[in-house]
Amino acid sequence: MSNNSNYSGMKQLLGGLWHENPGLVQLLGLCPLLAVTTSFVNGLGLGLATMLVLAASNLLISLTRRFIYAEIRVPLYVIIIASLVTCAELIVKAWFPDLDRSLGIFIPLIVTNCAIVARAEIFASRNPPLPALLDGIAMGAGFALLLCAIGAFRELVGQGSVFANLNLITGGNSSAGLQFFDGGFLLMLLPPGAFFSLALAIALKNWIDQKRARAAHQPVDANIEQR
Amino acid sequence: MLFERREAPFIAPQGDVAALMRQVLYALIPAATAYVYFFGPGFIFNLLVAAVFCAAGEAAMLRARGRPISPALKDYSAMIVAALIAFALPALTPWWVTATASLFAIVVAKHLYGGLGYNIFNPAMAGYVVVLLAFPLEMNLWVAPHIGDIDYPHLGLMDTAWYTLSGHLPPELSFEAISRATPLDTAQTGFAAMQTFEEIHQNPLMGDFAGRGWEWIANFFAIGGFWLLYRRVIRWQIPLGVILGLTIPATVFYLFGVGAHATPGFHLFGGATILCAFFIATDPVSAATSPRGRLIYGLGIGILIYCIRRWGSYADGVAFAVLLMNMAVPAIDYLTRPRIVGHAKNTLANQDD
């Protein structure tokens, strides 16, 4: 039994990070994903905040799932999520004021991230608290990692650096990060660059999946065929 | 002795893609000559760089997609993209800007959407817009036209080649010394400073209609365009649509705008209007296909060009207008399907088949 639950926990984690990644596969929460990933630190900041909110909202919704009327569940989810986002916003404002200035409206806008409502609806409302919490952490981690990867890629191509201004999160003096070259391809920092980066990331994921499926002599995952 | 016997028509029909594309390239020759005459040899270097990178991008993508390479390279479609990019860029452009535009046009806008025949966006304009957004500094260096009485320093052949390769001017020249605002830029900044068009037109650079050099290049584009019309390579709907779509709002605003708007002639001969009407908007892949649809597509481009020039932040709006209307093409084609002979009049109600 414990083995089984461990296995399903690993499966959940892998699902959030890869097979059901909210950004790469479910294509949820694209608005913040596209808007803030101009640098690694922005991606990391918003990713962590989203992950916290997602884990907490999954836990709360799973705990209260027996009291939530199905007819009005979405407004109730939104109330829970909005309260949690307010908490996250106040935390960021209190302890990371520079990060708050950098991310601006996108911290409060976590409330509209459809990945959170989707997990509440699909998973948290029909599973016990522990798996729901794990699901929130896994999905949040997958989303945060994607934000970091796209942020790092756009920062590298757009301005030639990675990990610049990490002090927004870690505190201390302002850091230039790793500067590989000067200048860069400005388009990557503009909105079109976000779309291109996301498209490349999805293509890369599907390519890896297809390669692995072929290596395992299995038919390609039905998900990929549909896309 | 056996003589080859031929019957009319003696002008060979335009059957294959390569022949069509060659006609378009021939039709661009007069304008290219005029461009080099007025703005120096930089255009030739841009064309070379764009051709090399378009061909390389095409070959690389065909190889990656497992398609035969040589037939696609021989159909000249990549060369037309290269030529349009070279016409769109300023005469002095560093090679990496041209290369970025060319590679984006071929690799992303053409092949990632499925290759020739499937690309929804005009590749050349997509590539141009990318570098317009990504390299604002380089894309604003427009050299002064070669006109006798306007004494501006011009770069020679070697200096132009050096600038294309390195992005550096000879030490004794600065960007300010050789570049000047295009007529459309001049008009835009003039209007922003509350000048009337008559005041703006005092500038000797403005020429008769739409800027010295520019208006002549537009004429040569028109010559090539009429040749394409005569050879039936392009149809009349799109050029007419673009020209009407631009001149109608331009005329209305000019007549009732009390000096605050440019003349229709300025819009018609200025910037890339004629190039767009005959060569860019008529791209057979990304344009609308039904006859009425082509007219609507052209009108839309013309109106958008006017709006972007007059109220937008960019001086010329051809590329944006074409890309925006490319997005509307599926809807236009759907709504303007020609009536099938013998069927009832086309209404929205009976189009849902």
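The values are calculated or read from the model by the stated rules, or taken from the named source; none is laboratory data. Only a predicted model underlies this, so the values are computations on that prediction, with no experimental measurement involved. Because the Cβ atoms are built from the backbone with ideal geometry, glycine has one as well, and the counts that use them run over all protein chains shown. All accessible areas refer to the heavy atoms of the entire protein, side chains included, with ligands and DNA or RNA removed. Shrake-Rupley method; radii C 1.70, N 1.55, O 1.52, S 1.80 Å.
Along the axis of the charge dipole computed for the protein assembly as shown (Cβ charges of +1 for Lys and Arg, -1 for Asp and Glu, origin at the Cα centre), the listed residues B:168, B:88, A:52 are led at the positive end by A:52.
Among B:95, A:95, A:18, the order of accessible area from largest down is A:95, B:95, A:18, computed with a 1.4 Å probe on protein heavy atoms.
Solvent exposure of the range B:181-335 amounts to 43 Å² per residue of accessible area, where only protein heavy atoms count and the probe is 1.4 Å. Dipole magnitude for the protein assembly as shown: computed about the Cα centre from +1 point charges on Lys and Arg Cβ and -1 point charges on Asp and Glu Cβ, it is near 1900 debye.
Remark: chain A projects, on average over all directions, an area of 14.7 nm² (convex hull of Cα atoms). The slack between residue B:327 and residue B:33, meaning 0.36 nm per residue of separation minus the straight C-alpha distance, is 102.5 nm.
Approximating the spin labels as points 7 Å out from Cα along Cα→Cβ, the residue B:230-to-residue B:63 distance works out to 4.2 nm. Shown in residue order for the range B:322-331 are the 3J(HN,Hα) couplings computed by the Karplus curve 6.51 cos²θ - 1.76 cosθ + 1.60 at θ = phi - 60°: 5, 5, 5, 6, 3, 5, 7, 4, x, 5 Hz (x for Gly and Pro).
When the surface is traced with a 1.4 Å probe over the full set of protein chains, residue B:240 keeps roughly 80 Å² accessible. Residue order by solvent-accessible surface for B:158, B:79 is B:158, B:79, largest first, with ligands and nucleic acids left out and a 1.4 Å probe. Fully extending the segment from residue B:198 to residue B:52 would add 48.1 nm, taking 0.36 nm per residue of separation and subtracting the current Cα-Cα distance. Whole-Hz Karplus values for the range B:87-95 come out as 6, 6, 7, x, 4, 9, 9, x, 5 Hz, taken residue by residue from phi with 6.51 cos²θ - 1.76 cosθ + 1.60 and θ = phi - 60°; glycine and proline positions read x.
Mean-square fluctuations from a GNM of chain B, with a 10 angstrom spring cutoff on Cα atoms, peak among B:106, B:243, B:223 at B:223. Would you give the gap between the C-alpha center of the range B:270-339 and the C-alpha center of the range A:111-140, rounded to a whole Å? Between the Cα centres of the range B:270-339 and the range A:111-140 lies a distance of 46 Å. Measuring only protein heavy atoms, the 1.4 Å probe finds residue B:37 accessible over about 150 Å². Each label was represented as a point 7 Å from its Cα along the Cα-to-Cβ direction; for residue B:313 and residue A:114 these points are 2.9 nm apart. Of all stretches in chain B that contain no GluC sites (Glu not before Pro) in a DSSP loop with at most 10 other Cβ atoms within 10 Å, the longest one is B:173-353. Taking every full run of DSSP H in chain A, the ones that stretch at least 15 Å from end to end by Cα along their long axis and average 0.5 or higher on the Kyte-Doolittle scale are A:40-63, A:73-95, A:129-159. For residue B:207, the residues whose amide H sits under 5 Å from its own are B:212, ignoring neighbours fewer than 5 places away on the same chain, with H placed 1.01 Å from N.
For a Förster distance of 30 Å, can you work out the FRET efficiency between the beta-carbons of residue B:70 and residue A:210, rounded to the nearest 0.05? Approximately 0.60, to the nearest 0.05.
Note on chain A: with a GNM built from Cα contacts shorter than 10 Å, the maximum mean-square fluctuation among A:150, A:105, A:80 falls on A:105. Taking the protein heavy atoms of the range A:12-226 in the context of the full set of protein chains, the accessible area attributed to carbon and sulfur is 70 percent at 1.4 Å. Relative to the Cα centre, the charge distribution of the range B:181-335, modelled as +1 at Lys and Arg Cβ and -1 at Asp and Glu Cβ, gives a dipole magnitude of about 520 debye. Only protein heavy atoms count here; under a 1.4 Å probe, residue A:137 has an accessible surface of about 60 Å².
For the chain pair A and B, buried accessible area totals roughly 500 Å², probe 1.4 Å, rounded to the nearest 100. Kindly tabulate the residues in the range B:104-146 with an accessible-area decrease of at least 50 Å² between the chain alone and the assembly of all protein chains, using a probe of 1.4 Å. SASA drop of 50 Å² or more in the range B:104-146: B:133, B:134.
Our note on the geometry: Cα centres of the range B:92-161 and the range A:143-201, 26 Å apart.
For the range A:11-113, applying the loop criterion from DSSP together with a ceiling of 12 other beta carbons within 10 Å to the trypsin sites (Lys or Arg not before Pro) yields A:66. Sorting A:203-213, B:62-72, B:252-262, B:117-127 by their mean Cβ neighbour count within 10 Å, with the most densely packed peptide first, gives B:117-127, B:252-262, A:203-213, B:62-72.
Residues considered: B:145, B:291, B:204. Largest GNM mean-square fluctuation over chain B, using C-alpha springs under 10 Å, is found at B:204.
Residues in the range B:15-180 average 43 Å² of solvent-accessible surface per residue, probe 1.4 Å, ligands and nucleic acids excluded. Averaged over the residues of peptide A:184-195, the number of Cβ atoms from other protein chains lying within 10 Å of each residue's Cβ is 3. Dipole orientation for the protein assembly as shown: of the candidates A:12, A:42, A:102, A:12 has the Cα lying most toward the positive pole (charges on Cβ; Lys, Arg +1; Asp, Glu -1).
To put it simply, the accessible area of the range B:54-156 at a 1.4 Å probe is 64 percent carbon and sulfur.
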